[in-house]
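Colleague: Please see the structure below; I have some questions.
The values are calculated or read from the model by the stated rules, or taken from the named source; none is laboratory data. Owing to the predicted nature of the structure, the values given are computational and were not obtained by experimental measurement. Cβ coordinates were reconstructed from backbone atoms using ideal geometry, including for glycine residues, and neighbour counts include every protein chain displayed.
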Amino acid sequence: MTQLPQSTDRKMGLVIDLDTCVGCHACVISCKGWNTENYGAPLSDQDAYGADPSGTFLNRVHSYEVQPAEGHAQLIHFPKSCLHCEDAPCVTVCPTGASYKRVEDGIVLVNESDCIGCGLCAWSCPYGARELDQAEGVMKKCTLCVDRIYNENLPEVDRVPSCVRTCPAGARHFGDLGDPDSDVSKLVAERDGMDLMPEMGTKPVNKYLPPRPKDQIEDQIDILAPLLAPVAEEPGGFIGWLDKTLEKF
Amino acid sequence: MNQPTIDTSPKVSDEIRKTTCYMCACRCGINVHMKDGKVAYIEGNRDHPVNKGVLCAKGSAGIMQVNAPSRLRKPLRRVGPRGSGEFREIEWDEAISTAVGWLNELHETAPQKLAFFTGRDQSQSFTSFWAQNFGTPNYAAHGGFCSVNMAAGGIYTMGGAFWEFGQPDWDHTKLFMLFGVAEDHDSNPIKMGLGKIKARGARVIGVNPIRSGYNAIADDWVGITPGTDGLFILSLIHVLMKAGKIDLDYLSRYTNAPVLVNAAEGPEKGLFLRDGDGKPLVIDRKTGEPTAFDKPGVRPDLSATYDKDGVTHRPVFHLMAEKYLNDDHAPEAVAERCGIPASRIRAIAAEIARVAFDEAIELDQEWTDFRGETHSKMIGRPVSFHAMRGISAHANGFQTCRALHVLQILLGTVEVPGGFRFKPPYPKPVEAHPTPHGDRRPGRPLEGPHLGFPRGPEDLLLDENGNAQRIDKAFTWENPMSAHGLMHMVISNAAAGDPYKINTLFMYMANMSWNSSMNTKGVMEMLTARNEDGKYVIPNIIYSDAYSSEMVAYADLILPDTTYLERHDCISLLDRPICEADAAADAIRWPVIEPDRDVRGFQSVLIELANRMNLPGFTNEDGSPKWKDYADYIVTHQRKPGIGPLAGFRGENGDKEGRGEVNPDQLNRYIENGGFYVAHIPEGADYYKPWNAAYQDWAVSMGIYDSPQPYLFQLYSEPMRKFQLAAEGHGDQQPPEYLRQRVKDTMDPLPIWYETDQQGNEGYTINALTQRPMAMYHSWGTQNAWLRQLHGRNPLYVPTKLMREHGLQDGDWAKVSSPHGEITVPVMEMAALNKNTVWTWNAIGKRKGAWALQEDAPEATKGFLLNHLIHELLPPKSDGMRWANSDPVTGQAAWFDLKVRIEKAAPPTDAESQPEFPPVKSPVGTGPKDLVWKVGK
Amino acid sequence: MHPAPSVIVFTTLSGLGFGLLFFLGLGLPEVTGWVAFVIYAIAYALSVGGLMASTFHLGRPERAWNALTQWKSSWLSREGWCAVIALIIMGLYAIGAIFFGQRWGVLGLLGALFSLATVFTTSMIYTQLRTIPRWNMALTPVMFLSFGLAGGAVLAGQAGLAIPLLAIAASVQILYWWRGDSALERSGTNLGTATGLGQRGSVRAFEPPHTGTNYLLREFVHVVGRKHVAKLRVISFALAFFVPVALLLLPFSHFFGLLAVLSHLAGVAVSRWLFFAQAEHVVGLYYGKR
Ligand SMILES: Nc1nc2c(c(=O)[nH]1)N[C@H]1C(S)=C(S)[C@@H](COP(=O)(O)OP(=O)(O)OC[C@H]3O[C@@H](n4cnc5c(=O)[nH]c(N)nc54)[C@H](O)[C@@H]3O)O[C@H]1N2
Ligand SMILES: Nc1nc2c(c(=O)[nH]1)N[C@H]1C(S)=C(S)[C@@H](COP(=O)(O)OP(=O)(O)OC[C@H]3O[C@@H](n4cnc5c(=O)[nH]c(N)nc54)[C@H](O)[C@@H]3O)O[C@H]1N2
Ligand code: SF4
Ligand code: SF4
Ligand code: SF4
Ligand code: SF4
Ligand code: SF4
Ligand SMILES: [Mo]
């Protein structure tokens, strides 16, 4: 089953707003919490209280500095999890069929009981979205919270990924990117949502909304300057202006 | 295709228990999912007023906090020398009787010899009640080293501040300006608010030397020179006033801008003209007569002066025009010092003016003000501000905070739609707050609360010889308005026996031998200093912590606390509640799991101590104890008849809010309700709160006020003027000579900016700051197996220019020195940073042996504290005197005034950050190697 | 990429082993009886040993057989099949040679083809990865095949074939290094495309998502110093090609033959170490590393 489906009924995925993400890591830990307790093996940690702690995470938040040709450097927080690619190389390389892309919603999953932990899928993923759990020896990846989004034991509002539900800034959006009328698709259209490494040909479903232009305020001074025309040059004149203005009330 | 069938509807948990997070002080509501009686997953509570379902990293990681191997297990009695970490486990009986043995005698003979200070305590109304009944004047929580400038600056100016006191009107604001905030207490609400603003595409301006976190998403970043915000803000005021872009109607109605000030030289100069009832007078434009500010129908004049008995009285607004229109405040005059081009200052001022006035909003909502006038609409000026420690943790922070409030008030953006809004119990003017109390009466309670807001020199806590009554010297001429005490001075004053020696230091929830102290090494020495007779200078130290922190090693007796999921807590309207701008709200914590260790909730332990000492206030007339534990206290204690710690579900049937008889079932009702209670402010009462009759009446009904308290915003602070007058030689309470000039200079009743004391800083030209990481709470986060992977060590971030100048590359080491000390630490380049500022994350560095970590944990080997470079005292003056490194008004610790020098250094031989300290012995051992944490099957 | 010993051992040994089987299948040399037994034992030790080593890096080696299921899409699966088929066919072929003194030519030819196919499929596991531009080149299978053939020829004692094949492999190696060094650049992938922020200015990785390490960094990020690379390339080249050729040019002796084999083996192992250690996975870009 490591062949990719010809097409999927829906393209469920995330839209991440780089203009809004404050880099708080809430999504990272919420994801760790949910996925440790739910689908598949727990996300383990090695040397948890020691010199070299490391563990399995399905979502991580990077940060980058961008130095424009002119003006101040900018800092951009950058969450990254599986992008549930349409042409997911991680699926086709998998020798066991453990990795597959679901026909109904396009979610890329690992069937842990088949996985041999060869790591090849992680090698093939350009985005670093897969991590081999050191305790369980199987490949872990973002499940798009497949055990939440249809879960009838959860109230309907909560049938969204854990990371989306928790994001305090509302920088993460979830929906069907295959449906041009969905909120997420509209957001992508409005804000010029982009693909990561389009040249890899993976056709990611997840999209990123680029940061809005920054540090523009001084350029607007021409429009703004009239607002600052002095009412008086001297304190005395100011009191005169005050009297006149108060009369109008 | 045949794809595996998976269960997309697995059972999530057996049960959800709703309580309040305490991975930080934001106090979000959480749903604790339980499986087999164990905590399985924690998510935000959607119904909760604070977080509305979202949860930060720390909150979600709570599960790793309640299973942390660092949790203390049993009371401990020190056996090795202080600081060694050698303890023996004892029974609670022994712990309590030991404490009572030390304390009871002090209570009966010299209560001031107990210093009880409580860190980031969320039960201050209770702990202060305990201390008051013990009779010691020496009580405070951590506000003095945290953000008293912000709190006091706001309360003295407008009856509330940013922070927990209020919030921007996130739903309406169109321009949001953020000063000096990395994270703040309102962690989730600020992020939610920013998210809302961003979704609308409204503008965010971040003023911060460092462009990370919130400032990274700001549309415009102002990388200001640290310590110069006051200058920048006053310049904005200059430009806006000059352009007439101020809200004159608002100023005349709701502020003391029209209040008449005595202009004649003499003991009355600068004081308000008042009527027989003590009410400040304004000139009524209709009659031209001086009239009480609150008389129905009065239209205060901002411009008219008034002569009486040959003395001219001028409205506050005249004084402001004189001061702020001065060219000293022109953008061109401040640009260089602030590191902001004058054109940018003007552009920002213009944008503020545009949004405030051209994009004003109107809500069709009638309301009636305190003068009886009914307004058909609510006019909003959708510019809002928020600020925190970046402006307050400087020695000019009080005045800077005042300046920012004055800016908002001039724009008419406070308590209007789109502006800044108070959260109940705020607004609350200074007059509604107590004054400080510091009497000592053996065996009897203090006459009133320890902390308060001095109205003038008469409220200082000085004895007949002019000496400080409190161990931290709060409310003295050194820092007259130290409304939160000075926790950072307690240990050094106690060690120096200045103003007097104490017997027992009792601390709760404050890691004073490490990240919460300045001069960390010095504090460790003070805590272990001995007299000639070999006894410790501070004879007894009692400490309550829930975890094996650095401070544990320095105490003689440890009272191990529960974790936040194992105890009752009360987040009360009497204290620092969880209110929103349109609702009063409070919350509880309750034991959603039972402790698996021999630990007890600290508040219950305090009750037991009080009962054993028969402390007044805790004891019935017949000598029996009033409360058996904290839960009992929360439900049955009444501050005033009908008013207790919790406002919800009062009365016999639980149907009363705010005021009502005790309801024995109250805690259960809270639990059923999700652990909190919300009382919504009626529509029409939710803006203009300080002046809105409907709000005032509602607040009285809720028990927030005893009677309506309408008041004017204090652009001009008369209490400050009173201290200044004293310094000018008037009155019988006089500052000591060495402080006279400073009091004169800094107690200006109108906000000013001054350069902080730079003596001794010659050659140290680089600003050094810390920021809170969003995913770590001070030192607590490190014991958390998930969070410590995110921030396991902290480099010093150095701007590109300084990296080049010093030949540094990522991973190199640098020696960083201040007049006080030096550290050697790894560096990392950052471009989006003020070019003359270095910084690091706060409180990542750890002492070896603490927190149940292995001794080679990166926190202990690579991580470091900047605190080693910061001293609680400034370098000696010419007369050898060392002044406190604090704000001269409030005593706020001036963490961010630090100036350093950096140079490239060879990596230390053991590649560990310097200074290093010997390990402490862990009373709880170390954590397990690997973690596979799944409680369900 | 992390130069995991198991993978280096696997590709090195199995490459040689299947190379040898290839020649044996073609009847070069034609051996029977004890001699056949010994030489087949060597061939199987190398190829099976290599395959076994490859399971060491599996998280769940006990499920290794699952890997055979996805031959339609997965090169790793195909490799498994080819290897199994090659080993079975060549096993039968060997039985014929050892016990019956027979050379079942068609079987040998088939076995040789599958042996070569095994080397090819192994190489395709790496070649297919667009995430590792240094591997994602047509030269990768060429290199694996030329190495397998050259090594096989050396092992098979086919000096006449071995010398030209070594020369070919040596040139492929040089070409491979040369092209490989600019592969990442040529791929067009950089931090700008990785983050989508490249249009805005120059992008620099600031704080990593965690201060410690993780699976991705351990697996994909391995930086070898330039000086070391140059040195190792010389060593590898000398051992894999120069020394064997020199030894083979000398008058034939079993001892020199053995030395040639060992030298070649060591050289290929170093080359494989470099193959992994130098390979830049684009995920490193996200961490500001390559
Ligand atoms: N360089 C630098 N230093 C600073 C600051 C800075 O900005 N820069 N900021 C300062 C400020 S504002 C503050 S508020 C301080 C904070 O400093 P601290 O108040 O010392 O904060 P924590 O490190 O959180 O330590 C509190 C202690 O409470 C313990 N604790 C946690 N939970 C519980 C509990 O449930 N019960 C009990 N009994 N104990 C518990 C923890 O284990 C810890 O030992 O740091 C100050 N220090
Ligand atoms: N996650 C998390 N949340 C916390 C805490 C925590 O430890 N972790 N601690 C809690 C506590 S006790 C407190 S007091 C609050 C404090 O919350 P914040 O006020 O956000 O405190 P800091 O992180 O110290 O951030 C101070 C900010 O001010 C900036 N700054 C420094 N000097 C200047 C200046 O002169 N001008 C300007 N404009 N900016 C300046 C710094 O760059 C930094 O961004 O956070 C609370 N919330
Ligand atoms: S939770 Fe939201 S704001 Fe925080 S790091 Fe994740 S995406 Fe960014
Ligand atoms: S992001 Fe990586 S793991 Fe996810 S589908 Fe794409 S290639 Fe596969
Ligand atoms: S690690 Fe598991 S999922 Fe990934 S390719 Fe190997 S078998 Fe497939
Ligand atoms: S969708 Fe679920 S699994 Fe994926 S990153 Fe978010 S929380 Fe983690
Ligand atoms: S901000 Fe985070 S840690 Fe603080 S109370 Fe809320 S969820 Fe808990
Ligand atoms: Mo604080």
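Colleague: Here are B:V259, B:V239: which of them is within 13 Å of another protein chain (Cβ to nearest Cβ) and in contact with a helix residue (DSSP H, G or I) (Cβ under 6 Å, 6 or more places away or on another chain)? Spell out how you get there, then give the answer.
Modeller: Numbers: B:V259 fails: within 13 Å of another protein chain (Cβ to nearest Cβ).
Among B:V259, B:V239, only B:V239 is within 13 Å of another protein chain (Cβ to nearest Cβ) and in contact with a helix residue (DSSP H, G or I) (Cβ under 6 Å, 6 or more places away or on another chain).
Colleague: Criterion first (touching a residue at least 12 places away in the same chain (Cβ under 8 Å), in contact with a strand residue (DSSP E or B) (Cβ under 6 Å, 6 or more places away or on another chain) and away from chain C (no Cβ under 11 Å)) does A:H77 satisfy it?
Modeller: no
Colleague: Identify all residues within region B:782-810 that are within 12 Å of another protein chain (Cβ to nearest Cβ) and part of a loop (DSSP other than H, G, I, E, B); write none if there are none. Spell out how you get there, then give the answer.
Modeller: Step one: list which residues in region B:782-810 are within 12 Å of another protein chain (Cβ to nearest Cβ), which gives B:782-795, B:797, B:799-801, B:810.
B:N784, B:A785, B:W786, B:H791, B:G792, B:R793, B:N794, B:P795, B:D810, listed by residue number.
Colleague: Please go through region C:183-221 and give me each residue that is in contact (Cβ under 8 Å) with a residue 40 or more places away in the chain, more than 7 Å from chain A (Cβ to nearest Cβ) and closer than 30 Å to B:P858 by Cα, ordered by number.
Modeller: C:L191, C:L217, C:R218, C:F220, C:V221
Colleague: Report the residue count in region C:92-135 for those that are β-branched (V, I, T) and in contact with a Pro (Cβ under 7 Å, 6 or more places away or on another chain).
Modeller: So the count comes out to 2.
Colleague: Separate question: Select from region A:17-36 the residues that are more than 22 Å from A:M139 (Cα to Cα), β-branched (V, I, T) and within 15 Å of ligand 7 (Cβ to nearest atom) and list them in ascending order. Spell out how you get there, then give the answer.
Modeller: If we filter region A:17-36 for residues that are more than 22 Å from A:M139 (Cα to Cα), which is where we start, we get A:17-26.
After this cut, where a residue has to be β-branched (V, I, T) as well, the list is A:20, A:22.
Answer for region A:17-36, where residues must be more than 22 Å from A:M139 (Cα to Cα), β-branched (V, I, T) and within 15 Å of ligand 7 (Cβ to nearest atom): just A:V22.
Colleague: Residues in region B:59-81 that are within 11 Å of B:I30 (Cβ to Cβ) and either within 16 Å of ligand 6 (Cβ to nearest atom) or in contact with a helix residue (DSSP H, G or I) (Cβ under 8 Å, 6 or more places away or on another chain) (or both): how many? Before you say what the answer is, go through the steps one by one.
Modeller: From region B:59-81, those within 11 Å of B:I30 (Cβ to Cβ) are B:59-60, B:62-63; that's our starting set.
Filter again for either within 16 Å of ligand 6 (Cβ to nearest atom) or in contact with a helix residue (DSSP H, G or I) (Cβ under 8 Å, 6 or more places away or on another chain) (or both), leaving B:59-60, B:63.
Summing the residues that are within 11 Å of B:I30 (Cβ to Cβ) and either within 16 Å of ligand 6 (Cβ to nearest atom) or in contact with a helix residue (DSSP H, G or I) (Cβ under 8 Å, 6 or more places away or on another chain) (or both) in region B:59-81 gives 3.
Colleague: When you go through A:C125, A:C142 one by one, which is the residue that is more than 10 Å from every other protein chain (Cβ to nearest Cβ), more than 16 Å from ligand 2 (Cβ to nearest atom) and surrounded by 20 or more Cβ atoms within 10 Å (Cβ to Cβ)? Before the answer, list the steps.
Modeller: Working: A:C125 fails: more than 10 Å from every other protein chain (Cβ to nearest Cβ).
Going through A:C125, A:C142 in turn, the sole match is A:C142.
Colleague: Hey, could you check region B:15-43 for residues that are in contact (Cβ under 8 Å) with a residue 40 or more places away in the chain and facing another protein chain (nearest Cβ under 9 Å) and say which is farthest from ligand 8 (Cβ to nearest atom)?
Modeller: Within region B:15-43, the match that is farthest from ligand 8 (Cβ to nearest atom) is B:K35.
Colleague: Another question, then. Between a first residue in region B:181-204 that is in contact (Cβ under 8 Å) with a residue 40 or more places away in the chain and more than 10 Å from chain A (Cβ to nearest Cβ) and a second residue that is aliphatic (A, V, I, L, M) and within 16 Å of ligand 8 (Cβ to nearest atom), which pairs have beta carbons less than 6 Å apart while being 6 or more apart in sequence or on different chains?
Modeller: Going by the 6 Å Cβ cut-off, the qualifying pairs are B:V181/B:M388; B:D184/B:I190; B:D184/B:M388; B:H185/B:A25.
Colleague: Kindly establish whether A:S99 is more than 24 Å from A:R172 (Cα to Cα), more than 7 Å from chain C (Cβ to nearest Cβ) and either within 16 Å of ligand 8 (Cβ to nearest atom) or modelled with pLDDT of 95 or more (or both). Can you show your working first?
Modeller: On the way: more than 24 Å from A:R172 (Cα to Cα): yes; more than 7 Å from chain C (Cβ to nearest Cβ): yes; either within 16 Å of ligand 8 (Cβ to nearest atom) or modelled with pLDDT of 95 or more (or both): yes.
In short, yes.
Colleague: Name the residue, out of B:P417, B:P425, B:P480, that is away from ligand 7 (no atom under 16 Å from the Cβ), surrounded by fewer than 24 Cβ atoms within 10 Å (Cβ to Cβ) and more than 14 Å from chain A (Cβ to nearest Cβ). If you could, list the steps in order and put the result at the bottom.
Modeller: Working: B:P417 fails: surrounded by fewer than 24 Cβ atoms within 10 Å (Cβ to Cβ); B:P480 fails: surrounded by fewer than 24 Cβ atoms within 10 Å (Cβ to Cβ).
Only one candidate qualifies: B:P425.
Colleague: Can you find a residue in region A:10-19 that is touching a residue at least 12 places away in the same chain (Cβ under 8 Å), away from ligand 3 (no atom under 16 Å from the Cβ) and surrounded by fewer than 21 Cβ atoms within 10 Å (Cβ to Cβ)?
Modeller: Looking only at region A:10-19, we keep the residues that are touching a residue at least 12 places away in the same chain (Cβ under 8 Å), and these are A:10-19.
From what is left, the residues that are away from ligand 3 (no atom under 16 Å from the Cβ) are A:10-12.
Filter once more, keeping what is surrounded by fewer than 21 Cβ atoms within 10 Å (Cβ to Cβ): A:10.
Checking region A:10-19: at least one residue is touching a residue at least 12 places away in the same chain (Cβ under 8 Å), away from ligand 3 (no atom under 16 Å from the Cβ) and surrounded by fewer than 21 Cβ atoms within 10 Å (Cβ to Cβ).
Colleague: Okay, moving on. Could you tell me whether any residue of region B:485-507 is under 19 Å from the mean Cα position of the chain (by Cα), assigned to a loop (DSSP other than H, G, I, E, B) and farther than 30 Å from B:L712 by Cα? Before the answer, list the steps.
Modeller: So the first thing to find is which residues in region B:485-507 are under 19 Å from the mean Cα position of the chain (by Cα), and the list is B:485-490, B:507.
If we keep only those that are assigned to a loop (DSSP other than H, G, I, E, B) too, we end up with B:485-486.
Pick out the ones that are also farther than 30 Å from B:L712 by Cα and you get none.
No, that holds for no residue.
Colleague: Being over 25 Å from A:L4 (Cβ atoms) and within 14 Å of chain C (Cβ to nearest Cβ) narrows it down to one of A:R212, A:R159, A:R172, so name that one. Please lay out each step first, then the result.
Modeller: Values: A:R159 fails: within 14 Å of chain C (Cβ to nearest Cβ); A:R172 fails: within 14 Å of chain C (Cβ to nearest Cβ).
After applying the criteria, what remains is A:R212.
Colleague: I would also like to ask the following. Taking region A:24-73 on its own, how many of its residues are touching a residue at least 12 places away in the same chain (Cβ under 8 Å), facing chain B (nearest Cβ under 7 Å), in a strand (DSSP E or B) and surrounded by 24 or more Cβ atoms within 10 Å (Cβ to Cβ)?
Modeller: So the count comes out to 1.
Colleague: State all residues of region B:80-122 that are in contact with a strand residue (DSSP E or B) (Cβ under 7 Å, 6 or more places away or on another chain), within 16 Å of ligand 2 (Cβ to nearest atom) and on the phi < 0 side of the Ramachandran plot; if no residue qualifies, say none.
Modeller: Within region B:80-122, B:F117, B:T118, B:D121, B:Q122 qualify.
Colleague: Looking at region A:85-106, which of its residues are on the phi > 0 side of the Ramachandran plot and more than 13 Å from ligand 4 (Cβ to nearest atom)?
Modeller: Answer for region A:85-106, where residues must be on the phi > 0 side of the Ramachandran plot and more than 13 Å from ligand 4 (Cβ to nearest atom): just A:G97.
Colleague: Go through region B:772-786 and give me each residue that's surrounded by fewer than 24 Cβ atoms within 10 Å (Cβ to Cβ) and within 16 Å of ligand 3 (Cβ to nearest atom). Give the derivation first.
Modeller: Initial filter on region B:772-786 (surrounded by fewer than 24 Cβ atoms within 10 Å (Cβ to Cβ)): B:772, B:778.
The one that is surrounded by fewer than 24 Cβ atoms within 10 Å (Cβ to Cβ) and within 16 Å of ligand 3 (Cβ to nearest atom): B:R772.
Colleague: Please give the strands (runs of 3 or more DSSP E) falling wholly within region A:90-205 in which 3 or more residues are within 15 Å of ligand 6 (Cβ to nearest atom) and in contact (Cβ under 8 Å) with a residue 60 or more places away in the chain. First the steps, then the outcome.
Modeller: Numbers: elements: A:99-101, A:108-110, A:130-132, A:139-141, A:172-176.
Passing ranges, in order: A:172-176.
Colleague: Where residues in region A:145-156 are within 18 Å of the chain's Cα centre (by Cα) and surrounded by fewer than 24 Cβ atoms within 10 Å (Cβ to Cβ), which of them is farthest from ligand 5 (Cβ to nearest atom)?
Modeller: Applying the first criterion (within 18 Å of the chain's Cα centre (by Cα)) to region A:145-156 yields A:145-146, A:148-149.
Subsequent filtering for residues that are surrounded by fewer than 24 Cβ atoms within 10 Å (Cβ to Cβ) retains A:146, A:149.
Details: A:V146: 16, A:I149: 21 Å.
Once the filter is applied, the top-ranked residue is A:I149.
Colleague: State whether one or more residues within region B:572-579 are more than 16 Å from ligand 2 (Cβ to nearest atom) and within 30 Å of B:P919 (Cα to Cα). Step through it out loud before you land on a result.
Modeller: First pass over region B:572-579, keeping only residues more than 16 Å from ligand 2 (Cβ to nearest atom): B:572-574, B:577, B:579.
Subset that is within 30 Å of B:P919 (Cα to Cα): none.
Among the residues of region B:572-579, not one is more than 16 Å from ligand 2 (Cβ to nearest atom) and within 30 Å of B:P919 (Cα to Cα), which makes the answer no.
Colleague: Scanning region B:46-67 for residues that are of a type in the set (G, A, S) and assigned to a loop (DSSP other than H, G, I, E, B), which turns out nearest to the other protein chains (Cβ to nearest Cβ)?
Modeller: Among those residues, the one meeting the criterion is B:A61.
Colleague: Still on this model: For residues that are of a type in the set (G, A, S) and over 14 Å from the mean Cα position of the chain (by Cα), scanning just region C:128-157, find the one that is surrounded by the most Cβ atoms within 10 Å (Cβ to Cβ).
Modeller: Among those that are of a type in the set (G, A, S) and over 14 Å from the mean Cα position of the chain (by Cα), it is C:A153.
Colleague: Where residues in region B:327-373 are among the basic types (K, R) and assigned to a helix (DSSP H, G or I), which of them is nearest to the chain's Cα centre (by Cα)? If you could, list the steps in order and put the result at the bottom.
Modeller: First, the residues of region B:327-373 that are among the basic types (K, R): B:337, B:344, B:346, B:354, B:371.
With assigned to a helix (DSSP H, G or I) added as a condition, the list becomes B:337, B:344, B:346, B:354.
Numbers: B:R337: 28, B:R344: 31, B:R346: 32, B:R354: 33 Å.
Step by step, filter region B:327-373, then rank; the result is B:R337.
Colleague: Given (1) out of contact with any Phe, Trp or Tyr (no Cβ under 9 Å at 6 or more places or on another chain); (2) touching a residue at least 12 places away in the same chain (Cβ under 8 Å), identify the lone condition not met by B:G53.
Modeller: Result: B:G53 passes all but (2).
Colleague: Could you tell me whether any residue of region B:830-842 is touching a Phe, Trp or Tyr at 6+ places or on another chain (Cβ under 8 Å), under 30 Å from B:G62 (Cα atoms) and touching a residue at least 12 places away in the same chain (Cβ under 8 Å)?
Modeller: From region B:830-842, those touching a Phe, Trp or Tyr at 6+ places or on another chain (Cβ under 8 Å) are B:830, B:832-833, B:838-840; that's our starting set.
Subsequent filtering for residues that are under 30 Å from B:G62 (Cα atoms) retains B:839-840.
Then keep just the ones that are touching a residue at least 12 places away in the same chain (Cβ under 8 Å); that gives B:839-840.
Yes, some residue in region B:830-842 is touching a Phe, Trp or Tyr at 6+ places or on another chain (Cβ under 8 Å), under 30 Å from B:G62 (Cα atoms) and touching a residue at least 12 places away in the same chain (Cβ under 8 Å).
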